[in-house]
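Trainee: Below is a structure I'd like to ask you about.
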Amino acid sequence: MSTTKIAVIVGSLRKDSFNRKLAKGLAMLAPSDFTFDVVEIGDLPLYNQDDDANQAPQVKRLKAAIAAADGLLFVTPEYNRSIPGVLKNAIDHASRPYGESVWGGKPGGVVGVSVGAIGTALAQQHLRNILAYLDVPTLGQPESFIQAKDGLFEADGSIGNASRQFMQGWMDRYVAWVKQHAG
């Protein structure tokens, strides 16, 4: 049985990030032939086009991880009604230099969790616009705007009872999307 490799890009650097927890909880809902590996983005230098010809080792590592993946999972908070700068920085690095993007054709999913009532709806929409330009076929439905509340996560990191059925439905659709579009 072959394994489907998913590169997980978490848009938060915070140690106790809700989005990092969501990424872990979602991975627990996936079938056993899917693996989820969080790609480090916190150590990337700020993107500068002058560096395209001599990319930093961290950038090469990021691009290799994305290139080796069968699919992408973006898990993002919402900062000031958009995506965090660290996430945009990672996206820009892996799309450059022009013509050498590693994003194109990789099926993606976008989720996020926030303490706000609308979750990460605006950040997800901005991210979808960017991914469309980068030729990342992105799962459209179901949308997943999660509000961080008590009970969202169990002690073992799994998704709590109140959200498990919805998130399992999202994961099932995501898995089908990746299988449809990968490779």
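Trainee: At 0.36 nm per residue, minus the direct Cα-Cα distance, what do SER2 and ALA148 gain on full extension? Give it in nm, one decimal, please.
Mentor: 49.1 nm
Trainee: By DSSP, what percent of the beta bridges with both residues in the chain are antiparallel, rounded to the nearest 5?
Mentor: About 10 percent, rounded to the nearest 5.
Trainee: Related question: Among ALA90, PRO57, ILE130, whose Cα lies farthest out toward the positive end of the dipole of the stretch 32-166, if unit charges sit on the beta carbon of Lys, Arg (+1) and Asp, Glu (-1)?
Mentor: Checked the options; the winner is ILE130.
Trainee: Two decimals is fine: what's Rg over Rh for the stretch 48-183, C-alpha atoms, Kirkwood radius as Rh?
Mentor: 1.00
Trainee: For the stretch 1-120, state what percent of all Cα-Cα pairs lands in each successive 5 Å bin, counting from 0 Å until the bin that includes the largest distance.
Mentor: 2, 11, 21, 23, 20, 13, 7, 3, 0
Trainee: When you take every Cα atom in the stretch 84-132, what is the radius of gyration, and what is Dmax, the widest Cα pair distance, in Å?
Mentor: Just the Cα atoms of the stretch 84-132 yield Rg and Dmax of 12.4, 39 Å.
Trainee: Let me ask something else. How long is the gain from GLN165 to SER82 if the chain were fully straight, where each residue apart is worth 0.36 nm and the alpha carbon distance is subtracted?
Mentor: 27.1 nm
Trainee: Quote to one decimal, in nm, the extra length available between ALA68 and ASP33 on full extension: 0.36 nm per residue of separation minus the C-alpha distance between them.
Mentor: 11.0 nm
Trainee: Counting Lys +1, Arg +1, Asp -1, Glu -1, what net charge surrounds ASP33 among other residues with beta carbon under 13 Å of its beta carbon?
Mentor: So the environment of ASP33 carries a net charge of +1.
Trainee: Going by Cα centres, the stretch 131-183 and the stretch 80-109 are how many Å apart?
Mentor: So the two Cα centres are separated by 19 Å.
Trainee: Return the lysines within reach of LYS63: Cα separation strictly under 20 angstrom, same-chain partners fewer than 8 residues apart disregarded; answer none if there are no such residues.
Mentor: Counting by Cα, and skipping residues close in sequence, LYS63 has these lysines nearby: LYS5, LYS88, LYS106.
Every number here is computed from the coordinates shown, using simple stated rules; none is lab data. Everything numeric in this text was worked out from a predicted model, so none of it was measured. Neighbour counts run over all protein chains shown; Cβ positions are idealised from the backbone, glycine included.
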